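First comes the structure, then the notes that go with it.
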Amino acid sequence: MRLVAHLDDLDLPVAGILVGDRVLTLALLVERAGLRDELALLDPRGLLAEDEDLAETRAAVARAERAGLAGVPAATLRRTAILEPGKIVCVGHNYAGHVREQGLPLPTRPMLFAKFANAVVGDGEPVIRPSTTHALDLEAELAVVIGRRARRVAAVDALAHVAGYAGANDVSARDLQGSRPALREDERGDGQWLRAKGSDTFLPLGPCLVTADELPDPGNLAVRGYHTPASGPEAGREVRVQDGRTSDMVFSVAELIAFISASITLQPGDVIVTGTPSGVGVFRDPPVFLAPGDVVRVEVEGIGSLTNPIVDADGTAPAGTPAARLLGGTPG
């Protein structure tokens, strides 16, 4: 099952179930498929909290499909980010290849940092390069969405607490982060990662939440990152810059849940962003950074593609660039 979110008439996010190119809205499932009334106006995070394991929703979808309910064309809905997480726990240095490209030893325990809900945007929404950075970078990642409360969970039981998975882009300002290849002669980083990782729009998430039953083995999925630059020799051409598999993760999804939940209780709708493969721009020779007008895309096997245009601090992209074309509704 694939959960998405769309905006209702009051501009509030409401959950829906994506079936092909159509959406079974919760309102339709209440009206025509016996879903409980109290679930009709919930966003995905609320639905995860109120419908444990999505059992009621899943049963209603099955009834709707048997009845031939087609749902609403997805293109007619105002889609938004799949959910507003309560907590976003991110993991650094969690792919062996990414660790090697930095010349670092493999970590002996997960390296954690946080983002906040202000960073979350959906598929197709712009990523802002703020005026505070000149070294924006992408990180293609697998996101894990918690479905059942997890506190001091053993790794062997951890996947039972997962609602599903999504693609994520851990957008990073490498100069603010203090990455040496990104720093000009007179610059230094912040000494911590809050601005570098947690600025507005720095976590595209989506394009949907694929429930865990559809991805029973999160430990062997392809994770790829793509960059369409607006200028330079590759202008207008999508370039694959990351091509990894979750089997290269130092700590598995189950191990991460166990480690995190030993001290941080995870609630339904919380998100774990699990790390990125090698190939990020800051460690290329020469480094490659994102500029307004570019487009980035994250692709996770079994989930789909998450595409976002890069805009400047005022929310605009230069005319004629891939980002401007995407924002204008024409192919980039």
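Here are the numbers for the structure shown:
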{"item": "Per-pair calculated FRET efficiency, R0 = 56 Å: Glu52 and Leu104 via Cβ, rounded to 0.05", "result": "0.90"}
{"item": "GNM flexibility winner over the chain from Pro126, Pro181, Pro322 (Cα, springs under 10 Å)", "result": "Pro181"}
{"item": "Kirkwood Rh and Cα Rg combined as Rg/Rh, the stretch 203-249", "result": "1.11"}
{"item": "Gain on full stretching of the segment that runs from His134 to Ala96 - 0.36 nm per residue minus C-alpha separation", "result": "10.9 nm"}
{"item": "Top positive-direction residue, dipole computed over the chain with Cβ charges, set His161, Pro309, Gly206", "result": "His161"}
{"item": "Theoretical FRET efficiency, 1/(1+(r/R0)^6), r = Cβ-Cβ of Ala235 and Asp8, R0 56 Å, to 0.05", "result": "0.90"}
{"item": "Cα lying deepest toward the dipole's positive end in the chain, options Met111, Leu10, Gly293, charges on Cβ", "result": "Met111"}
{"item": "Cα-based shape type of the stretch 41-139, given that a ≥ b ≥ c are square roots of the gyration tensor eigenvalues and the cut on a/c is 1.5", "result": "prolate"}
{"item": "Per-selection metrics, the stretch 2-80 (Cα): Rg and Dmax in Å", "result": "11.3, 31"}
{"item": "Within a Gaussian network of the chain (alpha carbon springs, distance under 10 Å), most fluctuating of Arg45, Arg224, Arg152", "result": "Arg152"}
{"item": "Among [x] -0.77, -1.00; [y] -0.80, -1.11; [z] -0.69, -0.95, the entry derived from the coordinates for log10 I(q)/I(0) by the Debye sum over Cα atoms at q = 0.11, 0.13 Å⁻¹", "result": "[z]"}
{"item": "Estimated FRET transfer efficiency (Glu65, Asn220; beta-carbon r; R0 30 Å; 0.05)", "result": "0.55"}
{"item": "Zone of Arg149's modelled label, taken as backbone nitrogen in the stretch 35-64 under 11 Å from a point 7 Å along Cα→Cβ", "result": "none"}
{"item": "Computed [θ] at 222 nm, helices only, for the chain once each DSSP H run of length n ≥ 4 contributes -39500 (n - 2.57)", "result": "-4500 deg cm²/dmol"}
{"item": "Gaussian network model of the chain, springs between alpha carbon atoms under 10 Å - residue of Glu101, Glu141, Glu38 with greatest fluctuation", "result": "Glu38"}
{"item": "Cα centroid separation, the stretch 1-46 to the stretch 153-212 (Å)", "result": "28"}
{"item": "Descending Cα extents along the principal axes, the stretch 185-332, whole Å", "result": "48, 41, 29"}
{"item": "Debye, to nearest 20: dipole size of the stretch 1-129, +1 on Lys, Arg Cβ, -1 on Asp, Glu Cβ", "result": "560"}
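Quick note: the coordinates plus some simple rules give every number you see, no bench work behind them. Keep in mind the model is a prediction, meaning the values are calculated, not measured. Using ideal geometry, Cβ is built from the backbone for each residue, glycine included, and neighbour counts are taken over all protein chains shown.
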